[in-house]
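The values are calculated or read from the model by the stated rules, or taken from the named source; none is laboratory data. From a predicted model like this one, the values you see are computed outputs, not experimental measurements. So basically every Cβ, Gly included, is an ideal-geometry build from the backbone, and we count neighbours across all protein chains shown.
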Amino acid sequence: MQPLINKAITILQRGGLVAIPTETVYGLGADAKNPAALRKIFQAKQRPIDHPLIVHLASMSQLNEWASTVSPLAQRLGEAFWPGPLTLILPKAPHVLDLVTGNQLTVGLRIPCHPVAQALLQLFGSGIAAPSANRFGRISPTTAAAVREELGATVDLVLDGGQCEVGVESTIVDVSGEYPVILRPGMITAAQIEAVLHTVLRQQKKNAPRVSGSLATHYAPLTPTKLMPKTEILAFLRTVTAADFPLVLLLRSPLSILEKGVEFILMAEDPKQYAHDLYATLRSLDQKNFKQIVIEAVPDNNRWDAIRDRLNRASSPG
Ligand code: TXA
Ligand code: MG
């Protein structure tokens, strides 16, 4: 891996794009201080230019280079969860480019724990801006093969770090305002954050800063996808016509009666494993020409928040 990491550093220094494995999903990385390189990210992803990017750092000692203030609360969250699947929104340092912040006064910072991302960031020594390495609106890649499928030749190098451990994007907490707010749920749960902060989090404000992951149709498979409680699935199957087939169910436990010809995939009962498998499963289903994906709704507790959020978007009619 070391020769490839050296090659990645050269590419980043010359303003190129490197796909980076992280513990959540693969990122499409560029030098966060190089405007020309950042523009390539937006082109490759076909992402609107005003959607802010997360800057990835090797360690908390770099925070003050990118944030103008790091509140005690931000410090506590960082110490508790970094390196790991957490992004903090902080007041930006003066030099941080508008291309990174989407013209806002804040910057998203994350210290990933994947060993390849860590090795790269440590050697690079500065911030790497990296959105998820998918085309805008699509499912984030959790394998190197999925990155190539999404972005092809627009990436100069894909570092293969295996399948991502967490499987869904980081929890984003805005700590730039008066109260901390979760902007995007992830596998670090609201309860875990509350336990560290000794406070109850407020509901997200409607006019919270732009988060493209908060668009209704984000993270969507190409195949039409429905989400419903298990009790409704059998009733639904009675209403489908030949035009809905082939159809596939994503279940968490087997259905007692399954009509002939209905394929199903049994997902894990545990949210950690479910999240790990989710995008890879949806991606593989997209390649099988199903007319319809029907997903069994997941439990209503906060260990499932991130998954429920992604499933709602995957099944949103747009
Ligand atoms: O797990 C992750 O966070 C992955 C890996 C690669 O680190 N990255 C990721 O990036 O999901 P992206 O760009 O797909 O999603 C990051 C979200 C975007 O929706 C963006 O709008 C939001 O973070 N964001 C970034 N900076 C922000 C800011 N200053 N204020 C509000 N939202 C911000
Ligand atoms: Mg994304």
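In this entry, Ile193 is excluded by the filter for residues that are part of a loop (DSSP other than H, G, I, E, B), under 21 Å from the mean Cα position of the chain (by Cα) and at pLDDT 95 or above. Within the set of pairs 6 or more residues apart or between chains, which connect a residue that is within 16 Å of Lys230 (Cα to Cα) and among the hydroxyl-bearing types (Ser, Thr, Tyr) inside segment 296-307 to a residue that is buried (at least 20 other Cβ atoms within 10 Å of the Cβ) and modelled with pLDDT under 95 with Cβ atoms less than 9 Å apart? Pairs found: none.
Can you give me the number of residues within segment 169-184 that are small (Gly, Ala, Ser) and in contact (Cβ under 8 Å) with a residue 40 or more places away in the chain?
Residues flagged as small (Gly, Ala, Ser) and in contact (Cβ under 8 Å) with a residue 40 or more places away in the chain within segment 169-184 amount to 2.
Cβ separations smaller than 7 Å between residues 6+ apart or across chains give the following pairs from segment 113-138 residues that are within 16 Å of ligand 2 (Cβ to nearest atom) to residues that are in a loop (DSSP other than H, G, I, E, B) and of a type in the set (D, E, K, R): Pro131/Arg47; Ser132/Glu169; Phe136/Arg47. What's the total number of residues in segment 1-49 that are in contact with a Ser or Thr (Cβ under 8 Å, 6 or more places away or on another chain), outside any strand (DSSP E or B) and small (Gly, Ala, Ser)? Count: 2.
Within segment 88-132, the set of residues being within 15 Å of the chain's Cα centre (by Cα), near ligand 1 (Cβ under 7 Å from one of its atoms) and assigned to a loop (DSSP other than H, G, I, E, B) comprises Pro112, Ala130, Pro131. Among the residues of segment 23-64, those identified as of a type in the set (A, V, I, L, M, F, W, C) and away from ligand 1 (no atom under 14 Å from the Cβ) are Ala36, Ala37, Met60, Leu63.
Taking Glu269 as the residue in question, decide whether it is under 26 Å from Leu53 (Cβ atoms), at pLDDT 85 or above, assigned to a loop (DSSP other than H, G, I, E, B) and not basic (Lys, Arg). Judged against the criteria, Glu269 is not a match. For Phe136, the conditions (1) modelled with pLDDT of 95 or more; (2) surrounded by fewer than 19 Cβ atoms within 10 Å (Cβ to Cβ) are fulfilled apart from (1). As a summary of the residue check, Gln46 satisfies the conditions (1) out of contact with any Lys or Arg (no Cβ under 9 Å at 6 or more places or on another chain); (2) closer than 16 Å to Val155 by Cβ; (3) surrounded by fewer than 22 Cβ atoms within 10 Å (Cβ to Cβ) except for the one numbered (1).
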